[in-house]
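Participant: Let me give you the structure first, and then I'll get to my questions.
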Amino acid sequence: MSIRSGRARQFFALLCGLASAARVGAAAGTLDDGKLDPAYFGGQAEFREAEDVDYLWVSPGFALDGKKIAFAPWPEPKFLGADAGDRDLKDKRLAEEMNADMPEIWGGAFRRGFGDRITLAEEGADLRVEGRIVDCSAGSNVAKALVGWGAGAGNTTIDLRFVDTSSGEVVAGLHHRVVSGTSWSTTDSKFVNWVDELVETVSKKGFEKLYQKGEKIRK
């Protein structure tokens, strides 16, 4: 091998190393393979894996009963993580369609789950519920039907945070991925069912108890 060829190989290796370091640096401090950015929740959250939730954080004493709650519109989906570049137009279109319905999906679930224990109000709210889609895959119904065993599975990953309107501080939040792995469900229908189940659980046990019983997340 010539000196020129050797130097070219060394230079290429250096570039690859720098690119890899840049990717690591960009993902530093994140969780869930880069899909969960703690900065969205104020940066100090200690997440735990809890019932019905992959990553949950709740400040001490947080409770929903008696609160006036506003469900804010969600911003455009922001695809995060190492596989964000793998999502195609079908995935992005589904994310946009689901995104428009998120305030109604969450508001309706809390209204049904809590009844008159909370008040949904656009003005004078104690808490503002904000969220965003950070990943979405429509999956393949054909692969689900023909192959099964998780083939063609679709998924939606979201961030949800509760903001104290008086202080502007995030007082609770969650990050979760909902997977549709069978031909009997779609990505969006599985997500709506999960929201209903989660809110029903929260209405019975409370976010704080779920968090206290959860296991610490280490990566």
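None of the figures in this text is laboratory data; all of them are computed from the coordinates on show. Note that the structure is predicted; figures quoted are calculated from it, not measured. All Cβ positions, even for glycine, are placed from backbone atoms using ideal geometry, and neighbour counts span all protein chains on display.
Participant: Lys and Arg at +1, Asp and Glu at -1: add these up for the other residues within a Cβ distance under 13 Å of Ile133 and post the number.
Facilitator: Net local charge, Ile133 excluded: -2.
Participant: Shifting gears a bit: Amide H to amide H under 5 Å from Phe62: which residues, 5+ apart in sequence or cross-chain, H placed 1.01 Å off N in plane?
Facilitator: Long-range HN contacts for Phe62: none found.
Participant: What's the local net charge at Pro75, with K and R +1, D and E -1, over the other residues with C-beta under 12 Å away?
Facilitator: Result for the neighbourhood of Pro75: -2.
Participant: Work out the charge dipole of the stretch 32-216 with +1 on the Cβ of Lys and Arg and -1 on the Cβ of Asp and Glu about the Cα centre, then indicate which of Phe207, Gln44, Val171 is farthest towards its positive end.
Facilitator: Phe207
Participant: Tell me the relative contact order for the stretch 32-216 as a rounded percent, counting alpha carbon contacts under 8 Å between residues six or more apart. Mind showing how you got there, number by number?
Facilitator: Numbers: 361 pairs, mean separation 54.7, N = 185.
Relative contact order here is 30 percent.
Participant: From the phi angles alone, apply the Karplus equation (6.51, -1.76, 1.60; θ = phi - 60°) to the stretch 45-55 and give each ³J(HN,Hα) in whole Hz, x where the residue is Gly or Pro.
Facilitator: After applying 6.51 cos²θ - 1.76 cosθ + 1.60, I find 5, 9, 7, 9, 7, 10, 4, 6, 9, 5, 9 Hz.
Participant: Within a Cβ distance under 11 Å of Thr201, other residues only, what is the Lys/Arg minus Asp/Glu net charge?
Facilitator: So the surrounding residues net to -2.
Participant: Next question, about the same structure. Taking Lys92 as the anchor, which aspartates and glutamates have their alpha carbon closer than 19 Å to its alpha carbon, excluding any fewer than eight residues away along the same chain?
Facilitator: Output for Lys92: Glu76, Asp83, Asp101, Asp135, Asp159, Asp188.
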